[in-house]
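The values are calculated or read from the model by the stated rules, or taken from the named source; none is laboratory data. A quick note: this is a predicted structure, and the numbers were derived from the prediction, not measured. Positions of Cβ are backbone-derived with ideal geometry, glycine not excepted, and every protein chain shown enters the neighbour counts.
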Amino acid sequence: MITFYPGPSKVYPAVADYAAEAVRSGIVSLNHRSSGFMEVVKEAIQLLHEKLAIPADYQIAFVSSATECWEIVAQSLTAETSLHPFAGAFGQKWAEYAYRIKPPVNLSEADVLCIVQNETSNGSQVSMPSLAQFRAEFSGIIAVDAVSSMAGIAFDWTLADVWFASVQKCFGLPAGLAVLVYSPSALKRAQAIGENDHYNSLLFIHENFAKFQTPYTPNGLGIYLLMRVLQQVPAIAAVDALTRQRSADWYRFLTDWTTTPAGRGFSLLNDDPAVRSDTVIAVKGSEERIRAIKAAALQAGIQLGNGYGDWKQTTFRLANFPAITNDEISQLRQFLQDFR
């Protein structure tokens, strides 16, 4: 089965070998405070800095999921309340979750701005120029959910204080691990608030990761797999170029396809190219046509992504992640051209 599901999505084929390697070598049996495991954590962090061009003064930690990062931002970095401009279901979920922890008593005093860089539910994104405008206009902490784009496109990390992503998308890894990146300003804010009441309080996390340790028994296999994948992937500049080229090719192809008999009744969900995601592409159609194309794709051994939220029944989504091969893309395009 070829999968274009936008998360969990395709893992790099080598991950199977890396997992077996971890078992055979005893990595998965190491105590998480042992020197051997600390070396794995240290190398994974160093490789993230190197391969993703993360500034040296930005800290990196590993947690369980991006959803956990929503909690960390709310409890450890929000003094008063947070602002959540959103364009889709995941941005809305983040706002709802954050406001249960820090109710929005006075939004005019918001000290954290929370942005979903890539909105998976509808295939939209916030560009770096747009993020730069937020940075220029907002004086507080900026936190970015980059679940569907980290390790797929290049970021200007200085435009936000907190970035986070789960690894089951552009990292090409199984679910169960997230990367949390935070700036010196974010650490100062956490220290000023002084919240240290939870196992995942940012101060407690930082105290441990400063020693390449974790505050709790972590997903050791996931961290090892991340390290091994980072050893073999190109630097983000090369990955970014490939992702954006494939994205442009996909949007051209789909625009043309919707004018053919095979693409009758379909169109791109986002009319404005400026907000279209480079890593998750959304195509809309009637419920009947969406059901038909997904069923036909499964018969052909191809899994298309379901719609999500308000677009659950009227869209299918395509992942444009680095682990997907050119041959798989060609097979999907042939299927789309042949669909009736």
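Taking interchain pairs and intrachain pairs at least six residues apart, which have beta carbon atoms under 7 angstrom, with the first residue in the stretch 1-23 and within 16 Å of D327 (Cα to Cα) and the second among the aromatic types (F, W, Y) and buried (at least 16 other Cβ atoms within 10 Å of the Cβ)?
K10/F321
Those residues that are more than 9 Å from the chain's Cα centre (by Cα) and of a type in the set (A, V, I, L, M, F, W, C), I need them from the stretch 166-177; list them, please.
Scanning the stretch 166-177 gives L173, A175, L177.
For the stretch 286-331, give me each residue that is touching a helix residue (DSSP H, G or I) at 6+ places or on another chain (Cβ under 8 Å), in a helix (DSSP H, G or I) and within 14 Å of W250 (Cβ to Cβ).
I329
Checking the conditions here, which among I54, I45, I101, I60 is touching a His at 6+ places or on another chain (Cβ under 9 Å) and within 21 Å of V144 (Cβ to Cβ)?
After ruling out the rest, the residue left standing is I60.
Just the residues that are crowded, with 20+ Cβ neighbours inside 10 Å and not hydroxyl-bearing (S, T, Y), please, taken from the stretch 303-323.
The answer is L304, G305, G307, W311, F316, R317, L318, A319, N320, F321, P322, A323.
Can you tell me which of (1) at pLDDT below 95; (2) closer than 29 Å to R317 by Cα; (3) loosely packed, with under 15 Cβ neighbours inside 10 Å is the one A16 doesn't meet?
With respect to (1) at pLDDT below 95; (2) closer than 29 Å to R317 by Cα; (3) loosely packed, with under 15 Cβ neighbours inside 10 Å, A16 is out only on (1).
Under 6 Å between Cβ atoms, at least 6 apart or on separate chains: pull out the pairs that start in the stretch 136-150 with a residue that is under 23 Å from R244 (Cβ atoms) and end on any residue that is among the β-branched types (V, I, T) and not in a strand (DSSP E or B).
From the stretch 136-150, the pairs are S148/T120; S148/T279; S149/T279.
Any idea which of T279, T315, T325 is among the hydroxyl-bearing types (S, T, Y) and out of contact with any Gly (no Cβ under 8 Å at 6 or more places or on another chain)?
None of the others qualify; the one that does is T325.
Confirm whether H84 is in contact with a Cys (Cβ under 7 Å, 6 or more places away or on another chain), at pLDDT 95 or above and not polar (S, T, N, Q).
So H84 fits the description; yes.
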